[in-house]
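J.: The following block contains the structure, expressed as structure tokens.
What follows draws every value from the coordinates through simple rules; no lab data is involved. These figures come from a predicted structure and were not determined experimentally. All Cβ positions, glycine included, derive from the backbone under ideal geometry; neighbour counts span all protein chains shown.
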Amino acid sequence: MKVSMFEKVALGVLVSAWLVYGVNAIGNLLVHPKPLETTAFPAAGGADKAPAPAAASATPASAPPKAADALAMLASADAASGAKAFKKCKACHSTEKGGKHKLGPNLWDVVGRGKAMASGYTFSPALKGLGGEWTYKDLDGFLAAPKAFAKGTKMSFAGIKKPGARAAIIAYLRTLSDQPKPLP
Ligand code: HEC
């Protein structure tokens, strides 16, 4: 087969395009330009000191989830899908009235319950120190990032990043009651 000059040039262009594309793809594979899954927190002890300017100007992609997002979605949230999502909590939490505490406390009637007040369960000082009741807003904050909301909590759970998923789980928690609390 006779290969013309034009074909050679065209092939050359094609091959270099592939090369650029391939290198790019491999680069992406190696580097993973993926936003942080979990929020980065200041090192222990540094929390109440002035935040570093660098942290303040962090990109929105890694900014902590806004509590208001899930709260606004609560009224329309699907408790049934929250019940499904609760599977990841089930290893540590029972939900029946009078259910046994597992690694974590029983969650019957947790909405509106005093924080760290489940009787017969030994809470961490971190959770005991929070004070007040589990409002929707506080549940949202805690479930978004347990370790940030209650520094030192023994609930080893990374948190639910998606506001919609959090809203669904909170809507489900609300149903664990003889008298579900009014939505906000
Ligand atoms: C690995 C086990 C584990 C998983 C998974 C887990 N939790 Fe917990 N949870 C705990 C522990 C332990 C505590 C007690 C924390 C403390 O005392 O610091 C707790 C505390 C809580 C509290 C506070 C209860 C109270 O009475 O003050 C809520 C609410 C809660 N968890 C909800 C959830 C939800 C919802 C999920 C799933 C999205 C979940 N947890 C997943 C272990 C877990």
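J.: For Gly98, what charge total do you get from the other residues with a beta carbon under 15 Å from its beta carbon, if Lys and Arg give +1 and Asp and Glu give -1?
T.: So the environment of Gly98 carries a net charge of +1.
J.: Using the 10 angstrom Cβ neighbour count as an exposure proxy, how do Tyr136, Tyr121 rank, fewest first? Mind dumping the intermediate values first?
T.: Values: Tyr136 22, Tyr121 14.
Ascending number of Cβ neighbours within 10 Å: Tyr121, Tyr136.
J.: Still on this structure: Could you work out how far apart the two model spin labels at Ser81 and Glu96 are, taking each label as a point 7 Å from the Cα in the direction of the beta carbon, and quote it in nm?
T.: 2.9
J.: Which order, highest average first, do 159-167, 145-153 follow once you tally other Cβ atoms within 10 Å for each residue and take the mean per peptide? Present the calculation step by step, with values, prior to reporting the outcome.
T.: Values: 159-167: 19.9, 145-153: 18.1.
Output ranking for 159-167, 145-153: 159-167, 145-153.
J.: Calculate one ³J(HN,Hα) per residue across segment 139-148 by plugging θ = phi - 60° into the Karplus curve 6.51 cos²θ - 1.76 cosθ + 1.60, and present them in order as whole Hz with x for glycine and proline.
T.: Values, residue by residue: 4, 4, x, 5, 6, 5, 7, x, 5, 7 Hz.
J.: Can you tally the net charge around Gly132? Count Lys and Arg as +1, Asp and Glu as -1, for every other residue whose Cβ sits under 13 Å from the Cβ of Gly132.
T.: Working: positive: Arg113, Lys115, Lys128, Lys137; negative: Glu133, Asp138.
After counting each charged neighbour, the total is +2.
J.: Post the alpha-carbon centroid distance, segment 81-115 to segment 128-161, in whole angstrom.
T.: Value for the Cα centre distance between the two parts: 14 Å.
J.: Further, regarding this structure: Quote the FRET efficiency, to the nearest 0.05, computed for Lys181 versus Trp18 with a Förster distance R0 of 45 Å and r equal to the Cβ-Cβ distance. All intermediate terms of the calculation are to be shown ahead of the outcome.
T.: On the way: r = 60 Å, r/R0 = 1.34.
Rounded to the nearest 0.05, the efficiency is 0.15.
J.: Still on this model: For labels at Ser156 and Lys8 in the simple 7 Å Cα→Cβ model, what's the distance in nm?
T.: About 6.5 nm, to one decimal.
J.: A follow-up question, please. Just need the Rg to Rh number for segment 80-184, please, alpha carbons only, Kirkwood Rh. Before the final figure, lay out the partial values.
T.: Values: Rg = 12.5 Å, Rh = 13.7 Å.
Using only Cα positions, Rg/Rh for segment 80-184 is 0.91.
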